Amino acid sequence: MIVDRTQKEAVVSELDQIFTVSGVVVVAHYTGLTVAEMSDLRLRMRNVGGAVRVAKNKLVKIALKGKECQSMETLFSGQTALIYSEDQVAAAKIAVEFSKENQKLVILGGSMGATPLDTNGIVQVSKMPSREEVIGSVAGMLSAPAANIAGVVGSPAANIASIISTIEEKKAA
């Protein structure tokens, strides 16, 4: 398929947006993946708000010029796919999980903003809690002190009521 200059410029613009907006970008070889396996990976990424993008390496390198993550251009040789998400952890989690299930997806590295990551770096990022997990734990931490305060404020009244009922029981006896 012949791609004209305007189509290439559109792809470079899209890739530029990916590198600018994404919290994490994982670069992987996908040689040997079937269409069904690639569709499964794309579906998993879509479910966490991410995506998978395959583009010509030359166009990717053009889009990387001048970006903070330009150092990862050395990863682009052969059949490479970009696995990315705005959440700094989601793409790494899905990529690592999928690569464990399917040996044909080989993680090469990537970047988290300006920070270049090798394969081990991607694995370490995948072990971090996701944005939703962090928000849940912060919400839990914020609600726990309120519950404790309510318990402390309410406990003296409960103690006084208990003491009064005990005194009334003794008088009645």
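Evaluate the following for ILE149: is it at pLDDT below 70, open to solvent by 70 Å² or more (accessible area, probe 1.4 Å), over 30 Å from LEU33 (Cβ atoms) and assigned to a helix (DSSP H, G or I)?
So ILE149 fits the description; yes.
Looking at ALA95, ALA91, ALA10 in this structure, which one is over 24 Å from MET128 (Cβ atoms), in a helix (DSSP H, G or I) and of a type in the set (A, V, I, L, M, F, W, C)? Write out each step before concluding.
Details: ALA95 fails: over 24 Å from MET128 (Cβ atoms); ALA91 fails: over 24 Å from MET128 (Cβ atoms).
When all the criteria are applied, what remains is ALA10.
Tell me, please, whether a residue that is under 15 Å from LEU117 (Cα atoms) and basic (Lys, Arg) can be found in the stretch 84-96.
Checking the stretch 84-96: at least one residue is under 15 Å from LEU117 (Cα atoms) and basic (Lys, Arg).
In the stretch 103-134, what count of residues is obtained for those that are over 13 Å from the mean Cα position of the chain (by Cα) and of a type in the set (Val, Ile, Thr)?
Selection size over the stretch 103-134: 4.
Tally time: how many residues in the stretch 17-36 are within 17 Å of THR80 (Cβ to Cβ) and out of contact with any Phe, Trp or Tyr (no Cβ under 6 Å at 6 or more places or on another chain)?
Counting residues in the stretch 17-36 that are within 17 Å of THR80 (Cβ to Cβ) and out of contact with any Phe, Trp or Tyr (no Cβ under 6 Å at 6 or more places or on another chain) gives 10.
Results for (1) of a type outside the set (D, E, K, R); (2) over 22 Å from ILE94 (Cα atoms), shown as yes or no for each residue.
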| position | (1), (2) |
| --- | --- |
| GLU9 | no, yes |
| VAL12 | yes, yes |
| GLN17 | yes, no |
| VAL24 | yes, no |
| VAL27 | yes, no |
| TYR30 | yes, no |
| ARG44 | no, no |
| VAL54 | yes, no |
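Please enumerate the residues belonging to the stretch 79-109 that are farther than 24 Å from SER13 by Cβ, open to solvent by 80 Å² or more (accessible area, probe 1.4 Å) and not polar (S, T, N, Q).
Listed by number, the residues that qualify are GLU97, LYS100, GLU101, LYS104.
Is the stretch 76-83 home to any residue that is within 20 Å of ASP40 (Cβ to Cβ) and of a type in the set (Phe, Trp, Tyr)?
No, the stretch 76-83 contains no residue that is within 20 Å of ASP40 (Cβ to Cβ) and of a type in the set (Phe, Trp, Tyr).
Quick check on the stretch 52-78: of everything there that is touching a residue at least 40 places away in the same chain (Cβ under 8 Å) and part of a helix (DSSP H, G or I), which residue is surrounded by the fewest Cβ atoms within 10 Å (Cβ to Cβ)?
Per the criteria, the residue is SER71.
How many residues, within the stretch 43-77, are small (Gly, Ala, Ser) and under 19 Å from the mean Cα position of the chain (by Cα)?
Result for the stretch 43-77: 3.
The values are calculated or read from the model by the stated rules, or taken from the named source; none is laboratory data. These numbers come from a predicted model, not from an experiment. Don't worry about glycine lacking a Cβ; one is built from the backbone with ideal geometry, like all the others, and counts go over all protein chains shown. Areas reflect the complete protein model, heavy atoms only, side chains present, ligands, DNA and RNA absent. Shrake-Rupley method; radii C 1.70, N 1.55, O 1.52, S 1.80 Å.
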